[in-house]
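What follows is one structure encoded as structure tokens, with my remarks underneath.
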Protein chains: 2
Amino acid sequence: MKLTQFIITLFFINFSNFSFSCNLSRSTGDMGIVIERASGSLLIVEHTNDQILCQVKGLGDLSHASAVFSRDQAYVYIFARDGGLTKVDIRQGKIVKRVVQAGNSIGGAISQSGQLIAVSNYQPGGVKIFKSDDLSLVADIPANINHSSNRSKTVGLVDIPGEQFVYTAFEGNDLYKVDMSHPDKPVVERLPDIGKQPYDGLVSSDGRYYIAGLFGEDGLALVDLWEESLSAKKILSHYGKGEKKFPVYKMPHLEGWAMNNEHAFLPAIGQHNLLVVSINNWKEKKRIPIKANPVFAMAQPDGRQIWVNFAYPDNQWLQVIDAKTLQVIKTIEAGKGVLHMEFTPRGEKVWVSVRNKNEIHIYDTKTFKRLKVLKAESPSGIFFSNRAHKIGL
Amino acid sequence: MKLTQFIITLFFINFSNFSFSCNLSRSTGDMGIVIERASGSLLIVEHTNDQILCQVKGLGDLSHASAVFSRDQAYVYIFARDGGLTKVDIRQGKIVKRVVQAGNSIGGAISQSGQLIAVSNYQPGGVKIFKSDDLSLVADIPANINHSSNRSKTVGLVDIPGEQFVYTAFEGNDLYKVDMSHPDKPVVERLPDIGKQPYDGLVSSDGRYYIAGLFGEDGLALVDLWEESLSAKKILSHYGKGEKKFPVYKMPHLEGWAMNNEHAFLPAIGQHNLLVVSINNWKEKKRIPIKANPVFAMAQPDGRQIWVNFAYPDNQWLQVIDAKTLQVIKTIEAGKGVLHMEFTPRGEKVWVSVRNKNEIHIYDTKTFKRLKVLKAESPSGIFFSNRAHKIGL
């Protein structure tokens with residue numbers, strides 16, 4: 001082989017590596033992904049200069065997708081509606097592995113050690129747990145309904161410290177806590193009858209308080225996970241009583257519920273209100289009137305602002321609440337289909353997906369100035385890599 | 001040039017790149033540094049497999065050093081005792097830039113946007129602010145004592161949201177808040193007479209409450225930074241009254257003070273106690289008797305455990321307090337010179353520097369089992385890269 005041939009061969013070897021990938025050498029601390037829900041693709045982005053770096057295709061049905069990051073922030077795991085679990089190298093912009101692990105799934109979580117990925121499934125129900133390195137199956141936990149062989153849909157799956165996961169069963173009305181400290185011997189604890197039809201859940205950022213929203217009755221179920229013996233307490237049981245209800249086109253998402261040291265801010269179902277709950281006693285303190293039925297209420301990392309988006313047909317709006325005065329301080333008309341918001345890690349900016357305009361809008365949280373608009377195909381969820389180091393996300 | 005020559009040339013080009021550097025291509029989300037105080041060097045480490053990756057030399061006098069990370073987690077900035085400010089590429093294991101910006105400095109902070117680095121100086125006093133990319137000087141803020149030309153030492157420097165820094169003046173008895181939103185026009189706000197000789201400070205993880213320890217009088221000064229008009233409130237003014245005082249060989253460090261949603265855990269000065277303060281009313285709730293004079297009291301990321309180390313001559317001990325029962329649940333004899341502790345981002349492990357043994361000990365926080373021992377030259381501060389995304393660290 002001549003030198004020129006050798007160089008040409010080297011070039012083609014490199015070129016074939018480059019052609020379908022990002023091939024970035026940068027660090028990933030300021031990177032993230034945006035779900036493009038209609039095209040089954042995702043955008044790899046960075047929020048220092050607010051730009052799109054590349055696109056990854058072939059992720060399946062992303063109509064209700066979420067993501068978690070590996071503890072080294074090198075990989076993102078995508079949970080797709082079609083049961084697909086995909087591991088993506090975010091610097092290479094490449095799919096490392098993809099398994100279709102169920103017929104229909106709703107979300108997932110990564111364990112404290114980063115070694116396990118849990119997926120919450122609708123069809124068949126239950127939770128499956130995989131090794132994060134090769135996506136091999138470690139455990140299949142069915143969440144059977146009333147000890148029958150019928151599997152319940154599982155929802156509100158979160159990680160908590162101690163290599164544990166918590167979730168609820170929609171048909172079973174149970175809460176489950178699974179300890180995966182010994183992956184070959186999962187310890188499953190079931191707390192029955194927490195309330196009718198839990199439909200989503202969240203855990204406080206310290207991993208202590210789990211709150212399940214209930215579809216089948218008023219109110220929410222609260223579980224203090226620091227108690228030795230678990231029990232569920234009903235909170236806000238009567239918040240809807242005597243109120244005019246608006247039609248609910250989209251249930252609020254709970255994982256985004258905002259909590260600071262004093263208050264939790266909860267989107268009311270079928271009401272044009274944000275409920276402010278005192279964390280001391282879990283009682284309602286105030287209702288903040290807002291523009292329409294809320295979907296996400298997300299707290300800025302310092303807890304000072306709460307950003308709220310809304311359900312159809314009012315999903316062009318964003319409202320910002322000051323956590324100190326408990327007042328709406330800003331209303332923004334971003335465009336139809338505001339689906340998700342993600343703050344930069346220390347909160348100086350917020351990225352907003354505006355599906356119908358095929359745009360991502362980036363705002364300065366201090367001045368509310370729109371800093372930049374990026375193009376994206378039907379963008380929905382936005383996830384930044386600092387989530388790798390948070391409990392319960 | 002023959003093929004063999006060409007390959008040999010390529011090899012040497014690569015080799016020369018490798019020889020004085022880490023030259024890592026890995027992502028940095030699970031990386032960090034350990035200060036080697038006696039040798040002016042630092043170790044680049046990673047906490048997924050708990051290993052040392054390489055060593056960087058030439059950092060100056062690291063006898064009291066601290067560090068902050070760039071928002072992309074590619075760089076670490078080291079604040080040395082000799083006034084040196086050094087920017088290190090953590091994957092290359094190389095010094096990118098080093099400036100000696102004062103005669104004696106005590107610590108620093110990085111702004112919310114990541115664009116500015118502030119350094120707290122003893123000699124000459126005041127705070128200097130630099131661009132994070134090239135370490136060029138942006139602002140020099142003197143902290144003059146009583147409007148004289150004498151510069152006060154500054155301490156307790158932290159970042160807060162809104163591109164702001166907060167610090168106190170030891171001789172001036174003032175608190176300063178500096179807004180760097182427009183770097184060419186710093187807005188300096190001075191709150192005078194917060195208490196006698198503030199010697200260190202911390203800010204809560206949401207950037208709201210600043211607490212200054214006072215050397216010249218009993219108690220601490222608390223400032224709610226969410227208030228429009230700043231004011232200082234004295235808290236715990238009499239905690240030492242009537243107590244037997246032990247000699248103080250080392251003042252407690254405040255930046256490590258532990259705070260969860262309910263309580264702050266404060267090392268008492270000259271007492272073998274940890275003070276538990278209710279965050280609701282900032283009053284003392286309990287004193288937890290501990291082995292000796294505490295130095296750092298650090299909370300696990302989920303707030304469940306508080307790890308405490310101790311001043312000379314009792315610095316071989318570690319104690320762990322359960323934040324729920326407020327009891328000591330574990331006492332560990334690690335070896336003389338336990339100087340610092342750092343939790344992994346989600347708290348499953350803690351790294352401890354044991355200076356006199358030239359070792360880093362790594363513990364499982366659930367079982368308290370010592371998982372690994374790494375060799376290091378007089379290790380002191382340990383800093384993991386997830387600090388990049390935290391407020392006030």
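Checking the conditions here, which among B:Glu348, B:Glu333 is surrounded by fewer than 17 Cβ atoms within 10 Å (Cβ to Cβ) and more than 21 Å from B:His253 (Cβ to Cβ)?
B:Glu333
Being among the polar types (S, T, N, Q) and more than 22 Å from the chain's Cα centre (by Cα) is the filter here; which residues of segment B:323-369 pass it?
Across segment B:323-369, the qualifying residues are B:Thr325, B:Gln327, B:Thr331, B:Thr367.
Please state which of the following conditions A:Asn356 fails to meet, knowing it meets all the rest: (1) open to solvent by less than 60 Å² (accessible area, probe 1.4 Å); (2) at pLDDT 95 or above; (3) polar (S, T, N, Q).
(1)
Having 2 or more residues that are at pLDDT 95 or above and either closer than 20 Å to A:Asn49 by Cα or open to solvent by 40 Å² or more (accessible area, probe 1.4 Å) (or both) is the bar; report the strands (runs of 3 or more DSSP E) wholly within segment B:95-151 that clear it.
Because the criterion is at least 2 residues that are at pLDDT 95 or above and either closer than 20 Å to A:Asn49 by Cα or open to solvent by 40 Å² or more (accessible area, probe 1.4 Å) (or both), the strands (runs of 3 or more DSSP E) in segment B:95-151 that meet it are B:116-123, B:125-131, B:137-141.
Just give me the residues in segment A:166-183 being touching a residue at least 12 places away in the same chain (Cβ under 8 Å), outside any strand (DSSP E or B) and open to solvent by 10 Å² or more (accessible area, probe 1.4 Å), in sequence order.
Across segment A:166-183, the qualifying residues are A:Phe170, A:Glu171, A:Asn173, A:Ser181, A:Pro183.
Which of the residues spanning segment A:65-89 are of a type in the set (A, V, I, L, M, F, W, C), part of a strand (DSSP E or B) and farther than 20 Å from B:Gly347 by Cα?
A:Ala67, A:Val76, A:Ile78, A:Phe79, A:Leu85, A:Val88
When only residues in segment B:359-368 that are on the phi < 0 side of the Ramachandran plot and more than 12 Å from chain A (Cβ to nearest Cβ) count, which is most open to solvent (accessible area, probe 1.4 Å)?
Among those that are on the phi < 0 side of the Ramachandran plot and more than 12 Å from chain A (Cβ to nearest Cβ), it is B:Glu359.
Looking only at segment B:286-297, which residues are under 10 Å from B:Pro267 (Cβ atoms) and assigned to a strand (DSSP E or B)?
Result: B:Pro294, B:Val295, B:Phe296, B:Ala297.
Can you tell me which residue in segment A:332-358 is nearest to the other protein chains (Cβ to nearest Cβ), limited to those that are under 16 Å from A:Gln300 (Cα atoms) and not in a loop (DSSP other than H, G, I, E, B)?
In this case the residue turns out to be A:Lys349.
Restrict the check to segment A:27-50 and report whether at least one residue is within 14 Å of chain B (Cβ to nearest Cβ), part of a strand (DSSP E or B), open to solvent by less than 10 Å² (accessible area, probe 1.4 Å) and in contact with a His (Cβ under 9 Å, 6 or more places away or on another chain).
Yes, the conditions are met somewhere in segment A:27-50.
What residue, of A:Phe15, A:Phe6, A:Phe20, is modelled with pLDDT under 65 and within 14 Å of chain B (Cβ to nearest Cβ)? Steps first, answer last, please.
On the way: A:Phe15 fails: within 14 Å of chain B (Cβ to nearest Cβ); A:Phe20 fails: within 14 Å of chain B (Cβ to nearest Cβ).
Step by step, each of A:Phe15, A:Phe6, A:Phe20 is checked, and only A:Phe6 is modelled with pLDDT under 65 and within 14 Å of chain B (Cβ to nearest Cβ).
One residue is enough: does segment B:56-65 have a residue meeting the conditions surrounded by fewer than 21 Cβ atoms within 10 Å (Cβ to Cβ), of a type in the set (A, V, I, L, M, F, W, C) and either free of Cβ contacts under 8 Å to residues at least 40 places away in the same chain or out of contact with any Ser or Thr (no Cβ under 9 Å at 6 or more places or on another chain) (or both)?
First pass over segment B:56-65, keeping only residues surrounded by fewer than 21 Cβ atoms within 10 Å (Cβ to Cβ): B:57-58, B:60-61, B:63-64.
Now drop any that are not of a type in the set (A, V, I, L, M, F, W, C), which leaves none.
Within segment B:56-65, not a single residue is surrounded by fewer than 21 Cβ atoms within 10 Å (Cβ to Cβ), of a type in the set (A, V, I, L, M, F, W, C) and either free of Cβ contacts under 8 Å to residues at least 40 places away in the same chain or out of contact with any Ser or Thr (no Cβ under 9 Å at 6 or more places or on another chain) (or both).
Would you say A:Asp193 is closer than 15 Å to A:Ser120 by Cβ, surrounded by fewer than 18 Cβ atoms within 10 Å (Cβ to Cβ) and touching a residue at least 12 places away in the same chain (Cβ under 8 Å)?
Working: closer than 15 Å to A:Ser120 by Cβ: no; surrounded by fewer than 18 Cβ atoms within 10 Å (Cβ to Cβ): yes; touching a residue at least 12 places away in the same chain (Cβ under 8 Å): yes.
The answer is no for A:Asp193.
The values are calculated or read from the model by the stated rules, or taken from the named source; none is laboratory data. None of these values were measured; they are calculated from a predicted model. Cβ atoms come from the backbone with ideal geometry, glycine included; neighbour counts cover every protein chain shown. Surface areas here come from the heavy atoms of the whole protein model, side chains and all, with no ligands, DNA or RNA. Shrake-Rupley method; radii C 1.70, N 1.55, O 1.52, S 1.80 Å.
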